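Bear in mind these aren't lab numbers, they're just calculated from the coordinates by the rules spelled out. Note that this is a predicted model, so its numbers are computed, not measured. Positions of Cβ are backbone-derived with ideal geometry, glycine not excepted, and every protein chain shown enters the neighbour counts.
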Amino acid sequence: MDDTKKAARESGKTVEIFADVLGEVQQLQKQALFLSDKISRLENRIEAAALQFKG
């Protein structure tokens, strides 16, 4: 019985750790998407400025 309780406790800890890591990964994905959008906007502004400079 003690082994079963210990295994269940360890399994619960593993699930908690996995959930924490998953939450962090999801947060990083949101940040990456945000930064990707910012980079695209900056690229567009640079291209527009380059066209203006040429013209």
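Inclusion of L35 among residues that are surrounded by 10 or more Cβ atoms within 10 Å (Cβ to Cβ) and out of contact with any Phe, Trp or Tyr (no Cβ under 9 Å at 6 or more places or on another chain) is warranted.
Does D20 count as part of a helix (DSSP H, G or I) and loosely packed, with under 10 Cβ neighbours inside 10 Å? Criteria not met by D20.
Suppose we filter A32, A7 for residues that are more than 30 Å from the chain's Cα centre (by Cα) and of a type in the set (A, V, I, L, M); which single one remains?
Numbers: A32 fails: more than 30 Å from the chain's Cα centre (by Cα).
Answer to the check: A7.
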